[in-house]
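Structure record follows, encoded as structure tokens.
What follows draws every value from the coordinates through simple rules; no lab data is involved. Just so it is clear, the model here is predicted, and its values are computed rather than measured. All Cβ positions, even for glycine, are placed from backbone atoms using ideal geometry, and neighbour counts span all protein chains on display.
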Amino acid sequence: MQVPQTSPAAGEGEPPRRGLPSALPGPPPGPPSPGSRAAMAEGPAAGEALWAEVRALLPGSEEGLSLSLSGEVEDCVLPLLRRARRLLYGAAGRPCEAEAAALGRLGDILRDYSWERLNAGPWREVSKAWRQVYAYACLFGALAEVAAGRPLAPAVRLCDMGLLMGASVLDNVLARLVRVLQARLPRGERPDAGPGSAKRIRIEPLPAPVVQPEDALPHLHCPSLEHFRDNYLIPQKPVVLEGIIDHWPCMKKWSVDYFCQVAGCRTVPVELGTRYTDEEWSQKLMTVGDFINQYIVNGNSVGYLAQHQLFDQIPELREDISIPDYCCLGEGEEDEITINAWFGPEGTISPLHQDPQQNFLAQVFGRKYIRLYSPQDSENLYPHEGHILHNTSQVDVEDPDLLKFPNFRKAAFQSCVLMPGQVLFIPVKYWHYVRSLDISFSVSFWWS
Ligand SMILES: O=C(O)CCC(=O)C(=O)O
């Protein structure tokens, strides 16, 4: 299972792993109370101009904003959605203070109501219609904030909540809206990691585990498509590819400070705790800026922005990476490839697990120690029993309890320290264990 909304809801074949929305703390705090000083800081002309820009993202007529839902919801919901729509289209220009307040209240009610439905059971059972209601509610809430001329950070947060937990409405209007709002965020509303944050980050690198030559994964420099297909894809053999992402803009651009600048105000799901198999593991929604401050710059405990489709949420970042050419050897379409971001401090651990698709794990910065075990060794790896963690081994790979898991010693592994610029091909169902040795950013491509 994957992180909300930007990922497809977990299906039967999907890895029962991270990102259960029901594990997220519920409902997001509403926007701050009206009338703050910052609200008026930009002046009425700027407020009108922003409103005009935002309004242009919506259909021209009230009927154009169809409010169509892909399933049944309770009877009281549609009249509330229609009332909110009327408030938007009823006003000649920007809604007045009272109209903005009414729109905000309707957004709150619809958000609270649909949030309950989103959290009532397993994510895969949440209906798309309720996720659409949630997205509309976030949209109306964000528009109310803009109409009222209040600080923009809460409106950005509402858009992100809708993107994370809702389903796309009105041609992905929330993604378009957040782009406009983010560009207009005044400096004071953009979180950053503080002056000189990069200098405060601990720089002594952790020593890398020794990779014995006999266990080392093969490395290849820019193999041809045919060579990769015949020698690695078809026989399903893992390999570290070099020289294939050196041209990605992210290799020069991305850093902790860059993420603060580009995405500091954006809300993302963060895993708290070292391993997702631990009892005390949980998830939290927070801004990228807070995540960096709390877990990257001042890391007393482990937080991991893991397995998140960040590039759907922030398309600007998507422009800095590309889909590896080798994915064309697969049978799926390019838009079926799931691209996940993995951003965290040193010491994040993804316990030994397997996924149902081929994977290219690309390392942008930092190093990761990775061990791979063949699916043929599955029975020596002691997968958890039960549906939820059946794709995850019970064994702590770097400190195995051999009394409890005696056959683990029979399992052969290959390993590597994945360095910036390297891409690891992990065949379908290959077991992988990953520990970051530095502050690290990786991008994974799951393809079929
Ligand atoms: O980098 C990590 O922590 C885990 C990556 C992973 O499990 C994946 O790409 O499937």
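Tell me, what is a quarter of the convex hull surface for the C-alpha atoms of the chain, in nm² with one decimal? Provide the component values of the computation, followed by the final result.
Numbers: hull surface 89.9 nm².
Convex hull of Cα atoms, orientation-averaged projection: 22.5 nm².
Mind checking which helices in the chain clear 27 Å along their axis (Cα) and have mean Kyte-Doolittle hydropathy of 0.0 or more, DSSP H runs only? Can you show the working numbers first?
Numbers: long enough: 97-118 (31 Å, -0.36); 128-147 (28 Å, 0.64).
Within the chain the helices that satisfy the rule are 128-147.
Over all distinct alpha-carbon pairs, what is the Kirkwood Rh of segment 91-144 in angstrom? It would help to have the intermediate numbers written out before the result.
Working: mean 1/r = 0.0849 Å⁻¹.
For segment 91-144, the Kirkwood estimate is 11.8 Å.
Please arrange 337, 388 by how many other C-beta atoms lie within 10 Å of their C-beta, fewest to most.
Working: 337 19, 388 13.
By the 10 Å Cβ count, ascending: 388, 337.
Starting with the fewest neighbours, write out 234, 349 ranked by other beta-carbon atoms found within 10 Å of each beta-carbon. Walk me through the intermediate numbers first.
Numbers: 234 10, 349 22.
Listing 234, 349 from fewest to most nearby Cβ atoms yields 234, 349.
Would you kindly compute the Cα radius of gyration of segment 275-379 and its largest Cα-Cα separation (Dmax), both in Å?
Gyration radius and largest Cα-Cα distance of segment 275-379: 15.7, 44 Å.
Considering only DSSP beta bridges whose two residues both sit in segment 213-447, what percent are antiparallel, to the nearest 5?
Working: 48 of 52 bridges.
Among the beta bridges of segment 213-447, antiparallel pairing accounts for roughly 90 percent.
As a footprinting exposure proxy, order 308, 227 by other Cβ within 10 Å, with the fewest listed first. Don't skip to the end; give the middle numbers.
Details: 308 25, 227 11.
Ascending Cβ contact count within 10 Å gives the list 227, 308.
Considering only C-alpha atoms, what is the centroid distance from segment 226-253 to segment 305-376, in Å?
13 Å
List the residues of segment 82-108 whose backbone N lies under 18 Å from a point placed 7 Å from the Cα of residue 120 along the Cα-to-Cβ direction.
So the set is empty, nothing qualifies.
How much length is gained if the chain between residue 247 and residue 222 is pulled fully straight, taking 0.36 nm per residue apart and subtracting their Cα-Cα distance, in nm to one decimal?
Numbers: separation 25, 0.36 × 25 = 9.00 nm, distance 1.24 nm.
7.8 nm is the gain from fully extending residue 247 to residue 222.
Hey, can you grab everything whose amide H is under 5 Å from the amide H of residue 308? Only 5+ residues off in sequence or another chain; H modelled, so Pro and N-termini drop out.
So residue 308 has HN proximity to 341.
Rounded to the nearest 500 deg cm²/dmol, what is the calculated helix-only ellipticity per residue at 222 nm for the chain, with -39500 (n - 2.57) per DSSP H run of length n ≥ 4?
Working: 14 runs with 130 residues, N = 448.
One gets -8500 deg cm²/dmol as the mean residue ellipticity at 222 nm.
What percent does the relative contact order of the chain come to when contacts are Cα pairs within less than 8 Å and at least six residues apart? Please report the intermediate quantities before stating the final value.
Numbers: 867 pairs, mean separation 76.4, N = 448.
Averaging sequence separation for qualifying contacts and normalising by length gives 17 percent for the chain.
Based on the Cβ-Cβ distance from residue 78 to residue 280, what FRET efficiency comes out when R0 is 30 Å, to the nearest 0.05? Provide the component values of the computation, followed by the final result.
Values: r = 42 Å, r/R0 = 1.39.
In this case the efficiency is close to 0.10.
In nanometres, what is the gap between the two model label sites at residue 257 and residue 336, each 7 Å from Cα along Cα-to-Cβ?
Reported label-point gap for residue 257 and residue 336 is 4.3 nm.
With a Förster radius of 25 Å, plug the Cβ-Cβ distance of residue 396 and residue 236 into 1/(1 + (r/R0)^6) and report the FRET value to the nearest 0.05. Can you show the working numbers first?
On the way: r = 26 Å, r/R0 = 1.04.
Working from the Cβ atoms, E equals 0.45.
Given segment 213-447, what whole percent of its Cα pairs are spread farther than 32 Å?
Values: 4960 of 27495 pairs.
It works out to 18 percent of all Cα pairs.
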